[in-house]
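What follows is calculated from the coordinates using simple rules that are stated; it is not laboratory data. Worth saying up front: this structure is predicted, and the values here are computed from it rather than measured. For neighbour counting, all protein chains shown are included, and Cβ atoms are generated from backbone atoms with ideal geometry for every residue, glycine included.
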Amino acid sequence: MREARIRTVRGDIPASTLGVAAPHEHIFCDQRLCDDGAGPAVMVLRDSDLIVDELTLFANAGGQAIVDATVFGWGRDVGVLASISERTRIHVIACSGFYTEACMPSFARREPVEQLVEFLVREVEVGCDGTDIRAGLLKSGVSSPRLEGREEVCARAVARAHRLTGIPITTHTSGSVRFHIPGGNAGSMHLQLFEEEGVDPAHVIIGHCDENADIRQLREFASRGAFVQFDVVGKEHWLLDATRIALVLALLDLGHERQILLSSDRNRLSELHAGGGRGYDHVLTNFVPLLRSRGVDEETLKLLLVTNPAAALSIAA
Amino acid sequence: MNLRTPYRMVDPIPDVPPRPEPGKAALIVLDAQAAFWSDDTGLFAAARDRGVTREFDEYREQLERAARNLRQLLPVAREAQIPVVWASRSSLGLAVDPGEPSIADDAVCEALADVVDEQDCFVVRPGISLFTDPGAREALASTTADTLILAGALANFTVAVATLEALSLGYHVVIPIDCCASESVDWQDVFRLQVHGGRSRIVTTRELVEILRGSRT
């Protein structure tokens, strides 16, 4: 049997060579390109030299791979990602798909789902941003209390592109609607839609599970076979890291050790060391030691940091 | 502004998010009068007297944005058979002081004067609270609304208080966040966090216009 592959910006690699991975970060993005009309754009990272310095700290802490979850429409540049990967020797996985409605490119707000599927398939099979650099993950974003309108159309496009290409799916729920969705995360709605479209939840990463977490909902995601991604680790205005630890331990106790992912969703200068923040290495430098101190053994940590990301990011057969 | 919100994490969520419907909603514009919006009177005059006009720059920018969006929203609301209520205040300060002279001009500010309609309702209340004033309560009751769309300034006081009062009285609340102006950008963030959750819903003007026009499924 052929070994599973992961699509990075420098080509496909065997999944077994991914290494310690952060499956949801931003390393080159520009929220100013979005039009949500409600406040200043702060998610801006455009200095690749600075990012190289920050990712070097990530590498020094043991990091070997990173997903840039920025899609077309708010500042993704796969050429820059490839350059950063080359300079840091870190595997970088680029993302296709669609973010929230306010950040969708104009064609995503009007084209039928078939056109959107074509666009996504081209990004993962041919190349992005006018290059031959391919994306290795498909993203679907929800910013409303219901999966509706253009976000629903785009979610279906993502599902169908996954069915055609095997590229795995990652999801986003906007924090602004976290108090309007039972459980706090649109993952349940996403999984329902994806299953309607014939997607196996084993190829779906439910993102932002640790913004407004409810262990009952996280249990549901895991029981349905999806990956439960704690990807805002360190952002303690959403949830204390201590609470995240408790939730991770609860999921481990329930036997879901093969479905947990960890990342920190860095997306602005203030979150990086240069801006006084905790950097891309916060999970490795600060959160993992906390897990260890709470009795999580090295074998389990390897699952969370290496084996699970490799499985989650693998192209489905 | 990053603030933890543990209470909101366990606040019960309604089955259906608040959505204004014709005959069941009213749009309340709070304190859209010259004293809070215009350069030559009220707040800005007081700031000028004190030499601190510059402190109001972020508030002024938000007012300009709110005015632009209200000019778009109000006609759409009326078309959707949602009545508009202009709720002004007779006092400039936070506290109602019986000895303090009332604001001389409680008419709608110049920036919004041409989107006022003769069918709109006008109430003047003594302080920040919308619901403790009998006149305002009567005006709201006459709209038969169970959902209130709240907008205006100074949002981190008036819209925030109105939202929490409305929720406690059983209303659903929808807040077009970019039709609201707080005293600073940081306070607008705090206001947004304070009013967010449960039976209140924050939207943008664009989203609300689509909802009212029925083009947002």
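Brief remarks follow.
- Residues located in the range B:118-127, provided they are within 14 Å of B:ALA26 (Cβ to Cβ) and surrounded by fewer than 17 Cβ atoms within 10 Å (Cβ to Cβ): B:GLN119, B:ASP120, B:PHE122
- The set of residues from the range A:60-69 being surrounded by fewer than 17 Cβ atoms within 10 Å (Cβ to Cβ) and either closer than 13 Å to A:ALA274 by Cβ or in contact with a helix residue (DSSP H, G or I) (Cβ under 8 Å, 6 or more places away or on another chain) (or both) comprises just one member, A:GLY62.
- Residue ranges of helices (runs of 4 or more DSSP H) in the range B:13-106 with at least 2 members over 16 Å from B:ALA155 (Cα atoms): B:42-50, B:57-79
- Any hit, the range A:234-242, residues being touching a strand residue (DSSP E or B) at 6+ places or on another chain (Cβ under 8 Å) and crowded, with 19+ Cβ neighbours inside 10 Å: no
- The listed residue being crowded, with 18+ Cβ neighbours inside 10 Å, part of a strand (DSSP E or B), within 11 Å of chain A (Cβ to nearest Cβ) and of a type outside the set (S, T, N, Q), out of B:ARG206, B:ARG216, B:ARG201: B:ARG201
- Condition met for B:ALA46 (more than 17 Å from B:ARG60 (Cβ to Cβ) and more than 9 Å from chain A (Cβ to nearest Cβ)): no
- Matching option when the condition is more than 23 Å from A:SER144 (Cβ to Cβ), touching a residue at least 24 places away in the same chain (Cβ under 8 Å) and not β-branched (Val, Ile, Thr), among A:GLU257, A:GLU236: A:GLU257
- Just one of (1) out of contact with any Lys or Arg (no Cβ under 9 Å at 6 or more places or on another chain); (2) surrounded by 24 or more Cβ atoms within 10 Å (Cβ to Cβ); (3) closer than 29 Å to B:PRO17 by Cα fails for A:ALA186. It is (1).
- Residue count for the range B:136-189 satisfying the condition of being assigned to a helix (DSSP H, G or I) and in contact (Cβ under 8 Å) with a residue 24 or more places away in the chain: 21.
- Members of the range A:84-103 found to be surrounded by 24 or more Cβ atoms within 10 Å (Cβ to Cβ) and closer than 19 Å to A:ALA159 by Cβ, listed by number: A:CYS95, A:SER96, A:GLY97, A:PHE98, A:TYR99, A:GLU101
- Scanning the range B:140-170 for residues that are within 21 Å of B:SER90 (Cα to Cα) and of a type in the set (S, T, N, Q) yields a count of 3.
- Verdict on B:VAL16 being within 20 Å of B:GLU165 (Cα to Cα), among the aliphatic types (A, V, I, L, M) and within 14 Å of chain A (Cβ to nearest Cβ): no
- Which numbered condition B:ALA80 misses (of (1) touching a residue at least 60 places away in the same chain (Cβ under 8 Å); (2) within 14 Å of another protein chain (Cβ to nearest Cβ)): (2)
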